[in-house]
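Reviewing the structure listed below.
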Amino acid sequence: MSKKLIVANWKCNPLTSNEAIKIFKSIATKYKNYTKAEVVICPPDIFLKNLLALKNKLKVGAQNCFWEEKGAYTGEVSTVMLKNMGCQFVIIGHSERRKINKETNEEINKKIIAALQNKLIPILCIGENREERDHELTFDILEKQIKEGIANLEKTKIVKIVFAYEPIWSIGSGNSANPKQIKEVKNFIINLIAKKIVKENISNIKILYGGSVNGENTNAYFTEAEMNGVLVGGASLKPEEFAKIIKSA
Ligand code: PEP
């Protein structure tokens, strides 16, 4: 069985490079002896260089990227730059970016294509809001986000994408989705992707859950919901709590 993938999304935290190094080192020390999980830390870009220089078992990713390689795109960071720096993963289409930065599925698709072209593993975030779930629109929303997010990609590229199901109502709310809801979504994603790739590759598709994940609830996501990993926000900045999540793998 492949290793669980545990991804830390630090969002716009912490405030200084020293703090980032301290948290990163603390996680690395606690994680040293675990072999059943692949752990990826996604800090703000400004801390990437210092964290990558620490060289340990932790992998490093970015929280966003731009689709063009270089040029007159003020404020953007390209997938080539991230790859050259040593990143291996990039989170794309997080709901906070979809909402605050008004990112569209079309832009997200361009970012996914650029990431794959430059050998970064994209973590495509998808998820419905409270109202959409209450109106039973969850699967319509997910289908649109997935179909448009992975448009124009060859079968062999689609299998490299990590899908992160992050219901918006569960992010940062303490109100995590239950394993039954999550498994339902996992099956839905698999069925949708199965139509687009070679059948033998289905078992290689990785699907994560994200939304108020903590040391107590993670185990159920692995055992009951059979998720391939988790995407962790708030708890990933607390090394003790994050270590419990890693241990659940
Ligand atoms: C996230 O923002 O990706 C996330 C899952 O946040 P939290 O764990 O804090 O709910």
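The values are calculated or read from the model by the stated rules, or taken from the named source; none is laboratory data. Keep in mind that what you see is a predicted model, and the values were worked out from it rather than measured. Glycine gets a Cβ as well: all are built from the backbone with ideal geometry, and neighbour counts include every protein chain shown.
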Could you tell me which numbered condition Glu103 fails, if it satisfies all but one of (1) under 29 Å from Glu240 (Cα atoms); (2) within 16 Å of the ligand (Cβ to nearest atom); (3) crowded, with 18+ Cβ neighbours inside 10 Å? (1)
In the range 77-98, residue surrounded by the most Cβ atoms within 10 Å (Cβ to Cβ) [restricted to those that are under 25 Å from Ile168 (Cα atoms) and free of Cβ contacts under 8 Å to residues at least 60 places away in the same chain]: Ile92
Just for the range 195-240: of the residues that are modelled with pLDDT of 95 or more and among the basic types (Lys, Arg), which one is farthest from the ligand (Cβ to nearest atom)? Lys206
Subset of the range 203-212 that is touching a strand residue (DSSP E or B) at 6+ places or on another chain (Cβ under 7 Å) and under 14 Å from Trp169 (Cβ atoms) - its residue that is surrounded by the fewest Cβ atoms within 10 Å (Cβ to Cβ): Gly210
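Would you confirm whether any residue within the range 39-54 is modelled with pLDDT of 95 or more, touching a Ser or Thr at 6+ places or on another chain (Cβ under 8 Å) and buried (at least 20 other Cβ atoms within 10 Å of the Cβ)? Explain how you work it out, then say what you get.
So the first thing to find is which residues in the range 39-54 are modelled with pLDDT of 95 or more, and the list is 39-54.
Add one more test, that the residue is touching a Ser or Thr at 6+ places or on another chain (Cβ under 8 Å), and what stays is 41, 46-47, 50.
Subsequent filtering for residues that are buried (at least 20 other Cβ atoms within 10 Å of the Cβ) retains 41, 47.
Checking the range 39-54: at least one residue is modelled with pLDDT of 95 or more, touching a Ser or Thr at 6+ places or on another chain (Cβ under 8 Å) and buried (at least 20 other Cβ atoms within 10 Å of the Cβ).
Please verify whether Lys147 is within 16 Å of the ligand (Cβ to nearest atom), within 22 Å of Val90 (Cα to Cα) and not hydroxyl-bearing (Ser, Thr, Tyr), treating the condition exactly as stated. Talk me through it step by step, then tell me what you get.
Values: within 16 Å of the ligand (Cβ to nearest atom): no; within 22 Å of Val90 (Cα to Cα): yes; not hydroxyl-bearing (Ser, Thr, Tyr): yes.
No: the conditions fail for Lys147.
Results for (1) in contact with a Phe, Trp or Tyr (Cβ under 6 Å, 6 or more places away or on another chain); (2) within 16 Å of the ligand (Cβ to nearest atom); (3) under 30 Å from Ala220 (Cα atoms), shown as yes or no for each residue.
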position: Leu15; (1), (2), (3): no, no, no
position: Ala20; (1), (2), (3): yes, no, yes
position: Lys30; (1), (2), (3): no, no, yes
position: Lys49; (1), (2), (3): no, no, no
position: Gly61; (1), (2), (3): yes, yes, yes
position: Thr79; (1), (2), (3): no, no, no
position: Asn84; (1), (2), (3): no, no, no
Name every residue in the range 71-83 that is within 23 Å of Asn50 (Cα to Cα) and not hydroxyl-bearing (Ser, Thr, Tyr), in order of residue number. Gly75, Glu76, Val77, Val80, Met81, Leu82, Lys83
Give the number of residues within the range 22-40 that are in contact with a helix residue (DSSP H, G or I) (Cβ under 6 Å, 6 or more places away or on another chain) and closer than 26 Å to Val80 by Cβ. 2
Strands (runs of 3 or more DSSP E) contained in the range 1-66 and holding at least 1 residues over 19 Å from the mean Cα position of the chain (by Cα): none
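For the range 152-165, does any single residue satisfy the condition of being of a type in the set (Phe, Trp, Tyr), within 16 Å of the ligand (Cβ to nearest atom) and at pLDDT 95 or above? Show your work before the answer.
We begin by selecting, within the range 152-165, every residue of a type in the set (Phe, Trp, Tyr); these are 163, 165.
Subsequent filtering for residues that are within 16 Å of the ligand (Cβ to nearest atom) retains 163, 165.
From what's left, at pLDDT 95 or above: 163, 165.
Yes.
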What tally of residues in the range 1-30 results from selecting those that are among the hydroxyl-bearing types (Ser, Thr, Tyr) and within 20 Å of Lys244 (Cβ to Cβ)? 2
Every listed condition ((1) in contact with a helix residue (DSSP H, G or I) (Cβ under 7 Å, 6 or more places away or on another chain); (2) away from the ligand (no atom under 13 Å from the Cβ); (3) closer than 22 Å to Ser248 by Cβ) holds for Leu192 save (3)
